[in-house]
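Here's the structure we're looking at; comments come further down.
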Amino acid sequence: MPKSANHNFPAVAGGTTATTAASIRHLYIHIPFCARICPYCAFYKDLLDRSQTQRFCEAILRELVGRDRRARRLRPSTIYFGGGTPTALTIAQLELLLRGFHERLDLSRLIEWTMEANPGSVSHRKAGVLKKFGVNRISLGVQSWDDQLLKLLGREHNAQQAEESFRILRAAGFTNINIDLMFGLSGQTAKQWRSTLEKTIALEPEHISTYCLTYEEDTEFFVRHARGEFRQDADADAQLFEMAMAILEDAGYEHYEISNYTRPGFSSVHNQAYWLGKDYVGIGPSAVSTVGMQRWQNICDYRVYIDRVFSGKSPRASSENLTPEMKRTERIALSLRTRDGISASDLKHFEQQSSEFIALGLLQKSNSNFVLTRKGKALADSVAEAFV
């Protein structure tokens, strides 16, 4: 998902009216800094450079507000700080950013403010600052509770540090914590995956995300996969996915999106906005925005981003006009991944394909929607491709 501009209001496309700006409810802020670059990650990131982070934070606030302060018209329902590692910033820099958002935005309707965090960068003081300024949801990048697999993934933390970070967040008063986990890793066994799931459940987070490793271009893992060092086993991955569904659902977590499980009442409001095709604005290098039928992305270089923002230029690198067909395709692909599925009316031109998937046990009718069956969830991407 989106991890984006007329510099007067860079968060909204040129010509967008104040009324439209006021209707935008979802903000994403990209913080690209990492203490260590994970070899599997394809998001825009760079090694932490303390000489640049202060100016970077000031640039984020400048892009957010623009020169005419129309950002004050924004009344977001959700804010999501992703990366990178937002908590790699210092306490003072986090305070600067969070206080700046309070000063520049109308937060009276804010219901969810998420901050991604890596266990290696969580401390009591940082947790306290996040809580103080209204962050109410943390997404903790644990990935595994197995030290051997964490080393393979290039993570800077071990399992003990990850658990300690979780307990620090709980002690700070966070009652909505997501834990990110990965499966399909080279050499990962079913026993290791089961242990990771059971350890996570024992901690009782409100939300759990499970992602199958994919070998993305421009990553070290992609190169190693191409050399034959890593092999992908679709059948084994499917078995681990089935295991996650069974174990997490038995533990009381609702499987409300292919990769996401939640306790009742703790679904990610921000991510649901993406899946439902809502408008959103992205701030920071590489961040994407979609407003109406227009989508744009900021430049993927934080140094150039800073220079452009401070010189009054747009940080936008590219833009495109969406068509109704593009929107329809995205709506089908994303909605099929969710518990509610896709409206039957959206698939009215695909009656043959729908019937075939129902016969195969991959799709079923639920009220006026089509939803994936348990078997179909393991083949979600293949099913979606038939409708786009």
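The values are calculated or read from the model by the stated rules, or taken from the named source; none is laboratory data. Predicted model only: the values in this text are computed from it and were never measured. A quick note on method: Cβ atoms are made from the backbone with ideal geometry, for glycine too, and the neighbour counts reach across all protein chains shown.
Being of a type in the set (Phe, Trp, Tyr), farther than 20 Å from Tyr44 by Cα and part of a loop (DSSP other than H, G, I, E, B) is not true of Trp113.
Criterion applied to Glu204, Glu229, Glu216, Glu220 was being at pLDDT 95 or above and either among the acidic types (Asp, Glu) or in the same structural domain as Ala380 (by TED's automatic domain parsing) (or both), and the one residue passing it is Glu204.
From the list Glu216, Glu229, Glu206, Glu220, the one residue that fits, being farther than 12 Å from Ala244 by Cα, buried (at least 18 other Cβ atoms within 10 Å of the Cβ) and acidic (Asp, Glu), is Glu206. From the list Gly282, Gly252, Gly265, which one is in contact with a strand residue (DSSP E or B) (Cβ under 8 Å, 6 or more places away or on another chain) and either in the same structural domain as Cys38 (by TED's automatic domain parsing) or outside any loop (DSSP other than H, G, I, E, B) (or both)? On inspection, the qualifying residue turns out to be Gly282. Total residues in the stretch 160-179 satisfying the condition of being basic (Lys, Arg) and more than 11 Å from Val122 (Cα to Cα): the figure is 1. Among the residues of the stretch 85-110, write down those that are farther than 23 Å from Leu48 by Cα and in a helix (DSSP H, G or I). Correct list: His102, Glu103, Arg104.
For the residues Gly82, Gly141, the requirement of being touching a Phe, Trp or Tyr at 6+ places or on another chain (Cβ under 7 Å) and either of a type in the set (Ser, Thr, Tyr) or assigned to a strand (DSSP E or B) (or both) singles out Gly82.
Restricting the search to the stretch 186-232, which residues are part of a helix (DSSP H, G or I) and not hydrophobic (A, V, I, L, M, F, W, C)? The answer is Lys191, Gln192, Arg194, Ser195, Thr196, Glu198, Lys199, Thr200, Glu220, Arg224, His225. Looking only at residues in the stretch 33-75 that are among the basic types (Lys, Arg) and over 28 Å from Glu156 (Cβ atoms), which one is modelled with the highest pLDDT? Checking each candidate, the answer is Arg62. Close contacts from the stretch 136-165, counting a first residue that is on the phi > 0 side of the Ramachandran plot and a second that is surrounded by fewer than 23 Cβ atoms within 10 Å (Cβ to Cβ) and assigned to a helix (DSSP H, G or I), with Cβ to Cβ under 9 Å and a gap of 6+ residues or different chains, come to Gln143/Leu149; Gln143/Leu150; Gly154/Glu220. Residues that are part of a helix (DSSP H, G or I) and in contact with a Leu (Cβ under 8 Å, 6 or more places away or on another chain) within the stretch 152-174 comprise Leu152, Ala159, Ala162, Glu163, Ser165, Phe166, Leu169, listed in sequence order.
From the list Phe230, Phe221, the one residue that fits, being in contact with a Pro (Cβ under 6 Å, 6 or more places away or on another chain) and within 19 Å of Gln148 (Cα to Cα), is Phe221.
Being within 23 Å of Tyr40 (Cα to Cα), in contact with a Gly (Cβ under 9 Å, 6 or more places away or on another chain) and either at pLDDT 95 or above or assigned to a helix (DSSP H, G or I) (or both) is a property that Ala236 has.
Against the conditions (1) of a type in the set (Val, Ile, Thr); (2) under 19 Å from the mean Cα position of the chain (by Cα); (3) at pLDDT below 90, Thr78 satisfies every one except (3).
Of Ile258, Ile299, all but one fail to be of a type in the set (Val, Ile, Thr), surrounded by 17 or more Cβ atoms within 10 Å (Cβ to Cβ) and either closer than 30 Å to Lys199 by Cα or assigned by TED's automatic domain parsing to the domain that holds Val142 (or both); the exception is Ile258.
Based on what the data block shows, is Leu149 in a loop (DSSP other than H, G, I, E, B) and in contact with a strand residue (DSSP E or B) (Cβ under 8 Å, 6 or more places away or on another chain)? The answer is no for Leu149. Scanning the stretch 90-128 for residues that are more than 30 Å from Lys151 (Cα to Cα) and β-branched (Val, Ile, Thr) yields a total of 1. Restrict the check to the stretch 289-300 and report whether at least one residue is in contact with a helix residue (DSSP H, G or I) (Cβ under 7 Å, 6 or more places away or on another chain) and under 22 Å from Tyr211 (Cα atoms). Checking the stretch 289-300: not a single residue is in contact with a helix residue (DSSP H, G or I) (Cβ under 7 Å, 6 or more places away or on another chain) and under 22 Å from Tyr211 (Cα atoms).
What number goes with the only condition from (1) buried (at least 17 other Cβ atoms within 10 Å of the Cβ); (2) farther than 27 Å from Ala244 by Cβ that Asn271 does not pass? Evaluating Asn271 over (1) buried (at least 17 other Cβ atoms within 10 Å of the Cβ); (2) farther than 27 Å from Ala244 by Cβ leaves (2) as the failure.
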